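Data block below; observations after.
The values are calculated or read from the model by the stated rules, or taken from the named source; none is laboratory data. Model, not experiment: these values are computed from the prediction. Neighbour counts are summed over all protein chains in view; Cβ atoms, including those assigned to glycine, are modelled from backbone coordinates with ideal geometry.
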Amino acid sequence: MILTALVVLYLAYGVSTHKDQRCVKPLETIQIDRNMFSGTWFIQDTYSESGIPPGPCMTLHLTVSPDNKFQGVHSWKEKQTTRSMITPEIDAPPTADPYDTKIIYVRIHNDTLRGWFLGVDYDKYGIFYGCTGINTPFVYLWTREETRNEDVMEKITAYASRRVILPKRRMIIDHSTCQP
């Protein structure tokens, strides 16, 4: 009886905070193999309440360091110039939940983002849910192929929306002019 009440309260808290767009840990996350996930990913869609992706042709290139942490390089185009930003995975802060082994912390500029993988097919797609601060969730949908495949995007968007409430603002990243 008490366990049932705790589960109901936990689910109610999670649902209410998601409706308020506060960033909370999803109920279902996955552990990924960093080496299999490394390589180049094309960011196809982003969902967020704030922030605008830097521009078209957004990619993420991931390598794995000897201490099994991601080293990421985001790149995008601004007019005719390709820009990039290094986004390393960092150690969990002292206040982190020591039992959440699936969480990833990433340093972007002076901010620390935290996030979880919701789904992955190492050869096709990745779904990442994360938080900037405590109240700003975002979702990235990545594919291995630069060319957008609407069937794949529909499938992974539906998959993501069954695991988290997608933030309201959707941005489709244009890859049509990415080739030099």
* Can you name every residue in region 3-46 that is among the acidic types (Asp, Glu) and either farther than 21 Å from PRO167 by Cα or at pLDDT 90 or above (or both)? -> GLU28, ASP33, ASP45
* Asked: List, please: which pairs have Cβ atoms under 9 Å, are six or more places apart or on different chains, and start with a residue in region 25-50 that is in contact (Cβ under 8 Å) with a residue 60 or more places away in the chain and among the polar types (S, T, N, Q) and end with one that is surrounded by 13 or more Cβ atoms within 10 Å (Cβ to Cβ) and in a helix (DSSP H, G or I)?
  -> GLN44/VAL152; GLN44/MET153; GLN44/ILE156
* To do: Mind listing just one residue for me: the one in region 102-153 that is assigned to a strand (DSSP E or B), modelled with pLDDT of 90 or more and among the β-branched types (Val, Ile, Thr) and, of those, nearest to PRO88 (Cα to Cα)?
  => VAL106
* To do: Could you tell me whether region 18-37 includes any residue that is outside any loop (DSSP other than H, G, I, E, B), basic (Lys, Arg) and more than 16 Å from the chain's Cα centre (by Cα)?
  => yes
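Could you please find all residues in region 29-42 being hydrophobic (A, V, I, L, M, F, W, C) and touching a His at 6+ places or on another chain (Cβ under 8 Å)?
Residues satisfying the conditions are TRP41, PHE42.
Conditions (1) at pLDDT 90 or above; (2) among the hydroxyl-bearing types (Ser, Thr, Tyr); (3) not in a helix (DSSP H, G or I), marked per residue:
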residue: ASP67; (1), (2), (3): yes, no, yes
residue: LYS77; (1), (2), (3): no, no, yes
residue: ILE86; (1), (2), (3): yes, no, yes
residue: TYR99; (1), (2), (3): no, yes, yes
* Could you list, in sequence order, all residues of region 118-137 that are small (Gly, Ala, Ser), crowded, with 20+ Cβ neighbours inside 10 Å and under 15 Å from GLU49 (Cα atoms)? => GLY130
* Asked: Pick from region 71-95 the residues that are out of contact with any strand residue (DSSP E or B) (no Cβ under 8 Å at 6 or more places or on another chain) and of a type in the set (S, T, N, Q): which of them is nearest to LEU60 (Cα to Cα)?
  -> THR81
